[in-house]
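For reference, the structure discussed in these notes is given below.
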Amino acid sequence: MSPFLIVFGLLALADLALLASGHDALRWYTKPFLMPILAVGVVVAAHWRLDRARAALVLGLISSATGDTALLRPGDGAFVLGTLWFAMAHACYIVAFANAGRGRGLVRRRPWVAIPYVAVWFGGTALLWPHLGALRVAIVPYSALLTAMAVCALDLAGRIVRRDALFVAAGAAVFVLSDSTLAFARFDPALAPPHAPLLVMLTYAIAQALIVSGLAGRREPAPPAAVRP
């Protein structure tokens, strides 16, 4: 997986450079190919034998690539189309997380750990609600699905080894940060951070790389040793 992550990182840097310099037309040669590189890396790392979790991960990456391409176009129509493709990507990630590992994860054992995620969703929705207009019907369900994806990622703790679970959970949380920044930049720029487009793309690339790094080569914890009578 490492060679693919390196290629992905180099292409992501090139895309960020084009974004920063205002060469948006050239991003058609960088942004749409980012997620396919990771998808191929997942397939190769699995020796072309995908289990349910990795197959769903690959489908999520392909959906993300399609969403990336849609968002290169201007207008509300392209934005809604991109949102729908990313909603499909998050649904695929939820399936991937549900089929990874074994046992009861952190969220099932301690449901209250999901409260900060729900609070972030509720707070962001409340702040943006007056600015969403007709797009509320797409943005609010999408943000709820995004939050559910992040909570499902957190539930991998205890089901796969700690390092892999940490990567996936961190990637999902950074994904929430990326999409939240995008939402504020589009609907309420006064609340968006400086250089929001660059921050959105940087955090998005990091998020996807972390999720793939943790899930593609995941390891399940060893079963507890048998107790001798």
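Couple of notes before you dig in:
- Rg followed by Dmax, in Å, when segment 1-96 is reduced to its Cα trace: 14.1, 41
- For segment 65-71, Karplus couplings with θ = phi - 60° (6.51, -1.76, 1.60), whole Hz, Gly/Pro x: 4, 5, x, 4, 5, 4, 6
- Largest-first principal axis extents, alpha carbons of the chain, Å: 68, 39, 26
- In this structure, Arg109 and Leu50 have a Cβ-Cβ separation that, at R0 = 22 Å, corresponds to a calculated FRET efficiency of about 0.15.
- Percent of C-alpha pairs per 5 Å bin, segment 102-144, short to long: 5, 21, 22, 16, 12, 11, 8, 5, 1
- All-pairs Cα distance distribution in segment 40-90, expressed in whole percent, bin size 10 Å: 29, 38, 23, 9, 0
- Rounded to 10°, Cα long-axis angle of helix 76-98 versus longest principal axis of the chain: 10
- For the chain, the solvent-accessible area with a 1.4 angstrom probe is 51 square angstrom per residue.
- Helix 34-45 and the long axis of the chain differ in direction by around 20°, with both axes built from C-alpha atoms.
- Full-extension gain in nm, Leu10 to Asn99, via 0.36 nm per residue minus C-alpha separation: 29.0 nm
- The chain: most fluctuating residue of Phe86, Phe187, Phe175 per GNM, C-alpha cutoff 10 Å: Phe187
- Comparing Val168, Val118, Val200 in a Gaussian network model of the chain where C-alpha atoms under 10 Å apart are linked, the largest mean-square fluctuation is found at Val118.
- Anisotropy class of segment 110-195 from Cα gyration tensor, a/c 1.5 cut: prolate
- The trypsin sites (Lys or Arg not before Pro) of segment 65-164 that meet both conditions, a loop assignment by DSSP and at most 16 other Cβ atoms within 10 Å of the site Cβ, are Arg102, Arg104.
- On Cα atoms only, tilt of 196-216 relative to the major axis of the chain in degrees: 20
- With contributions of -39500 (n - 2.57) from each DSSP H run of at least four residues, the per-residue ellipticity at 222 nm computed over the chain stands at -24000 deg cm²/dmol.
- Here the Karplus relation 6.51 cos²θ - 1.76 cosθ + 1.60, evaluated at θ = phi - 60°, turns the backbone of segment 151-165 into coupling constants of 5, 5, 5, 4, 6, 6, 4, x, 9, 10, 4, 4, 4, 5, 4 Hz, with x for every Gly and Pro.
- Distance between the 7 Å Cα→Cβ label points at Asp76 and Arg163: 4.9 nm.
The values are calculated or read from the model by the stated rules, or taken from the named source; none is laboratory data. Remember, predicted model here, so these are calculated numbers, not experimental data. With ideal geometry, Cβ positions are generated from the backbone for all residues, glycine too; neighbour counts draw on all protein chains shown. Areas reflect the complete protein model, heavy atoms only, side chains present, ligands, DNA and RNA absent. Shrake-Rupley method; radii C 1.70, N 1.55, O 1.52, S 1.80 Å.
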